[in-house]
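Single-structure report; data block below.
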Amino acid sequence: MNFEETFTYLSLATVVFGLFQTWIDWDISQLMINGDISIVLTKPVDFQIYMFFKRLPWVILNFFTITFPTVILLIFVFHMPINKGINIFFFFISIVISYLIYFSIDFIVGVTAFYTESIWGLSMTKDAIILFLSGGVIPLPLFPENLRRVLEFLPFKTIYHMPIEILINKNLNIENIIYSLAVQIFWFLVIFSLSRFYYRHAETLIKMNGG
Amino acid sequence: MWKKFNYYLKLYYLFVIQDIKSKMQYRIDFYISSIGMIVGNLLGILSLSILFKSIPNILGWTYYELLFIYGFSLIVLSPLQLFFDNLWNLPTYLITGDFIKYYLKPINIFFYYFAEIFDIKGISQLLIGIFTLFYSWKKLQIELSIINIGILIVSIISGSLVMISLMVIASSVAFWVLNVTPLLNFIFRLREYTKYPIDIFDPFLRFIFSFVIPIAFVAYYPSKIFLRHSNNNLLVLILPFIGISLFLIAYKIWTKGAKRYTGTGV
């Protein structure tokens, strides 16, 4: 990777990080501590769906105020090596799936608040680990060979690395893109079902005060 | 004067005890966050070493020199985490009206507000910072003399004052506009830039970081005293001056804001 690619990769990673920052886990923990969660749970809507749509406007707002302008700037002002045309469309799909994965992980961390109430530590650890292992701090191609081989089998790269790869890797053809989208969908299904199981289990144990 | 200082010291001790007790309320989270702090900082060091696997030096800065700056900035950022963590809650307290309680005690409001929270998690960051600093100190074979230790302590204190002042100023904007969490996040994210030498950035950013948002004084200029021996006499004198005067400005702005707050009527 040369300087321009690294620069584009990292600025896109920062942008995606900003896009995904919706503090869902934090929100659930607050609901848990002040007891307001009892009101939410009486509503005839699934808690996970409720949280998703509660925070979706943030993501959309972030998209139009952070992601979109930055991509435009990178293409037209800095003339960075970004794939245009159909790749932008695939990038969009990819980023939607990676948000769904990120959301599921966030939700799992948030539901942990059902047991521990405060989740400050877990939330922070999660951010640090995801950011590092998915290429948000250092582009994955710069990682040492062994570590990269391990990361092939972990879901982290689906969050930052894959959407960014679609935008900046010149050697990708349609088949590669379809393949990485398939991998993303696979990991989304795994993590999403995990979050469902976890939530079903945690829901039965919930204890709260006040409300 | 001395009596007053002792009184405040005793108060601070009581506040800390009380805060640790309330943190231990969420015991599991407390343990997880202590581990998380360590994991986060170790990942930071790991990313430096990965970076240097592919790039042997950045504009003449070697791995151990960067490690030195990294460790230095971890130490310098710890006091902010340890003693001033409550500034994150300021927007919430102002909006809900809870802030009114800080006016009702016959002690300095600035002291009362920040003494209330002592974030013990910062200690793990401090320890990693100290370890990193002395590891690279040894590798770089810097002399371990009394003068150097003295300069180190002075520059650590003034560096932390710079970072604390920036965050306090950013948080006190809340007295005028209420919700400043995005601004706080922005300034807080700038701390990432304190971990690298300023001269790897382009001249515009270098100017900004030296004169507008002076985060270069947090870790870079102090580390330069040890790593590059040029013109250090002037820097040693300038650092405490910048730290202390920024802190006084931050204190003035904060208390001015606190005088302005009128509550929410709850």
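Each residue of region A:139-149 was assigned a 3J(HN,Hα) from its phi angle through the Karplus expression (A = 6.51, B = -1.76, C = 1.60, θ = phi - 60°), giving x, 4, x, 8, 5, x, 3, 4, 5, 5, 5 Hz with x at Gly and Pro.
Debye-formula intensities of region A:3-202, expressed as log10 I(q)/I(0) at q = 0.19 Å⁻¹, are -1.38 (one equal scatterer per alpha-carbon, no solvent). Within 10 Å, at most 12 other Cβ atoms, and a DSSP state outside H, G, I, E, B define an exposed site. Report the longest part of chain A free of exposed trypsin sites (Lys or Arg not before Pro). It runs A:85-169.
With the cut-off at 1.5 for a/c, could you classify the protein assembly as shown from its C-alpha gyration tensor as rounded, prolate or oblate? Cα axes put the protein assembly as shown in the oblate bin. The chymotrypsin sites (Phe, Trp or Tyr not before Pro) of region A:1-106 meeting both criteria, a DSSP state outside H, G, I, E and B (loop) and at most 15 other C-beta atoms within 10 angstrom of the site's C-beta, are A:Trp23, A:Phe78.
Placing R0 at 35 angstrom, the Cβ-Cβ distance between A:Asp36 and B:Ile213 gives a FRET efficiency of 0.40 after rounding to 0.05. If you take the Cα centroid of region B:46-119 and the Cα centroid of region A:63-136, the two points sit 24 Å apart.
Within region B:138-243, the chymotrypsin sites (Phe, Trp or Tyr not before Pro) that combine a DSSP coil assignment with at most 16 other C-beta atoms in a 10 angstrom radius are B:Phe201. To the nearest ten degrees, helix A:120-133 and the longest principal axis of the Cα atoms of chain A are 20 degrees apart.
Between region A:1-47 and region B:147-165, how far is it from one alpha carbon centroid to the other, in angstrom? Between the Cα centres of region A:1-47 and region B:147-165 lies a distance of 36 Å. Which of A:Ser195, A:Ser94, A:Ser38 moves the most in a Gaussian network model of chain A with Cα springs under 10 Å? Answer for the Gaussian network model of chain A: A:Ser38.
In terms of overall dimensions, the C-alpha atoms belonging to chain B reach 60, 41, 39 Å along their principal axes, ordered largest to smallest.
Between A:Phe53 and A:Phe197, the simple label model (points 7 Å from Cα in the Cβ direction) yields a spacing of 2.8 nm.
Screening chain B for DSSP H helices whose Cα atoms reach 18 Å or more along their own axis and whose mean Kyte hydropathy is at least 1.6 gives B:146-172. For a paramagnetic label modelled on A:Ile86 (point 7 Å from Cα along Cα→Cβ), amide N atoms under 16 Å away are absent within region A:38-69.
Taking every DSSP helix (H) stretch of at least 4 residues in chain B, weighting each as -39,500 (n - 2.57) and dividing the sum by the residue count yields a mean residue ellipticity at 222 nm of -23000 deg cm²/dmol. Candidates B:Val168, B:Leu77, B:Leu248 compared by Cα position along the dipole of chain B: farthest toward the positive end lies B:Leu248, with charges placed on Cβ.
A straight Cα-to-Cα reach below 23 Å connects B:Lys53 with the lysines A:Lys157, B:Lys138, B:Lys139, B:Lys195, residues fewer than 8 places away in its own chain not being considered.
Scalar couplings 3J(HN,Hα) for region A:36-52, obtained by applying the Karplus form with A = 6.51, B = -1.76, C = 1.60 to θ = phi - 60°, are 5, 4, 4, 5, 4, 6, 7, 6, x, 9, 4, 4, 5, 5, 4, 5, 4 Hz; x denotes Gly and Pro. For chain B, a crude dipole built from +1 on the beta carbon of Lys and Arg and -1 on the beta carbon of Asp and Glu, taken about the Cα centre, is about 520 debye to the nearest 20.
Read-outs throughout are calculated quantities, based only on the coordinates presented, and are distinct from any laboratory measurement. Every value quoted in this text rests on a predicted model; they were computed, and no experiment measured them. We place every Cβ from the backbone using ideal geometry, glycine too, and count neighbours over all the protein chains shown.
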